[in-house]
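Trainee: Sharing a structure below in structure tokens format, with a few things to ask.
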């Protein structure tokens with residue numbers, strides 16, 4: 001395992017998590033894309049060094065096919081999530097003209113009612 005690959009995975013993950021915590025959908029989408037790339041890079045790093053074909057017999061070091069299969073699955077999931085988030089961003093842009101994620105007013109009202117009920121129960 002190369003230390004540079006591990007640093008790359010850590011950097012992609014930390015930047016992706018930072019972008020996901022933003023309030024604009026464009027940054028959130030970029031954060032999920034970076035996390036998808038970090039997952040694929042982590043899986044390929046976990047696979048170890050390249051070797052001979054995974055099915056071939058012999059005394060040579062064999063490559064492990066599981067991380068490769070999981071990396072392909074991570075690519076497909078990341079692509080699907082990116083398309084879904086882009087569809088949400090287009091809908092948000094169409095409805096509000098902005099990609100800022102607003103606070104949910106109904107959620108705030110329910111939280112306020114719960115706090116009032118808790119306050120009354122304490123009496």
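Trainee: Using the basic label-point model (7 angstrom from Cα toward the beta carbon), what is the residue 22 to residue 94 distance in nanometres?
Mentor: So the label points at residue 22 and residue 94 sit 2.4 nm apart.
Trainee: Here's a follow-up. Rounded to the nearest 0.05, what FRET efficiency is calculated for residue 14 and residue 106 with R0 set to 30 Å and r the Cβ-Cβ distance? Write out the running numbers ahead of the final one.
Mentor: Values: r = 33 Å, r/R0 = 1.11.
Computed FRET efficiency for residue 14 and residue 106: 0.35.
Trainee: Right, another one. What Kirkwood Rh does the chain have if only Cα atoms enter the pairwise 1/r average? Answer in Å. Don't skip to the answer; put the middle values down first.
Mentor: On the way: mean 1/r = 0.0558 Å⁻¹.
In the chain this quantity evaluates to 17.9 Å.
Trainee: Computed FRET efficiency, Cβ-Cβ of residue 46 and residue 82, R0 25 Å: what is it to the nearest 0.05? Intermediate values should be presented prior to the final figure.
Mentor: Working: r = 23 Å, r/R0 = 0.92.
Using R0 = 25 Å, I get an efficiency of 0.65.
Trainee: Further question on the same structure: Please work out the FRET efficiency for the pair residue 69 and residue 4, using the Cβ-Cβ distance as r and a Förster radius of 25 Å; give the result to the nearest 0.05.
Mentor: Numbers: r = 24 Å, r/R0 = 0.98.
Using R0 = 25 Å, I get an efficiency of 0.55.
Trainee: Show me 30-37, 14-21 ranked by packing, highest mean number of other Cβ atoms within 10 Å first. Don't skip to the end; give the middle numbers.
Mentor: Working: 30-37: 19.1, 14-21: 14.4.
Put in order of decreasing packing, that is 30-37, 14-21.
Every read-out reported here was derived from the displayed coordinates using simple, explicitly stated rules and does not represent laboratory data. No experiment lies behind these values; they were computed from the predicted model shown. Don't worry about glycine lacking a Cβ; one is built from the backbone with ideal geometry, like all the others, and counts go over all protein chains shown.
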